[in-house]
Amino acid sequence: QVQVVESGGGLVQPGGSLRLSCVVSASFFSIYTIRWYRQAPGKERELVALIFSGGGTTYADSVKGRFTISRDDRKNTVYLQMNSLKPEDTAAYYCNTDIMARDYWGRGTQVTVSS
């Protein structure tokens, strides 16, 4: 049974930083693409960043230069380092992967950017 668990969210002031973690309990973790999505109240879920096996990455334009996605395949973990946070980054952040054509999602972790 594959499980996806996010952690690291919280309340932070504008300009601050947070690091989110996503642990995926799956064999052969290193071959999977892992994605971070976010969803703000009243808005559609949007792709924030993804990391391919081997480490290639892509980012949404809204977070380029501020967020960094990385992975530690020894720990089955993907990180999302978020710097220079803005109020508009406030959302629930979700981790996602697809294995054998099936989607797996975590329950999300809340990030609130407010003074």
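Summary table
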quantity: Subset of the range 6-23 [in contact with a Lys or Arg (Cβ under 8 Å, 6 or more places away or on another chain) and among the aliphatic types (A, V, I, L, M)]; calculated: V23
quantity: Long-range neighbours under 6 Å by Cβ, at least six apart or interchain, first residue within 16 Å of P87 (Cα to Cα) and of a type in the set (A, V, I, L, M) within the range 54-73, second modelled with pLDDT of 95 or more and outside any loop (DSSP other than H, G, I, E, B); calculated: V63/V48
quantity: Neighbours by Cβ (under 9 Å, 6+ apart or cross-chain): first from the range 90-115, modelled with pLDDT under 95; second surrounded by 20 or more Cβ atoms within 10 Å (Cβ to Cβ) and β-branched (V, I, T); calculated: I99/V24
quantity: Members of the range 85-115 that are part of a loop (DSSP other than H, G, I, E, B), among the aliphatic types (A, V, I, L, M) and open to solvent by 10 Å² or more (accessible area, probe 1.4 Å); calculated: M100, A101
quantity: Qualifying strands (runs of 3 or more DSSP E) (wholly inside the range 1-84; at least 1 residues being surrounded by 14 or more Cβ atoms within 10 Å (Cβ to Cβ) and aromatic (F, W, Y)); calculated: 34-39, 57-59, 67-72, 77-82
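The values are calculated or read from the model by the stated rules, or taken from the named source; none is laboratory data. The structure displayed is predicted, hence computed values, not measured ones. Don't worry about glycine lacking a Cβ; one is built from the backbone with ideal geometry, like all the others, and counts go over all protein chains shown. The accessibility values were calculated without ligands, DNA or RNA, using every heavy atom of the protein model including side chains. Shrake-Rupley method; radii C 1.70, N 1.55, O 1.52, S 1.80 Å.
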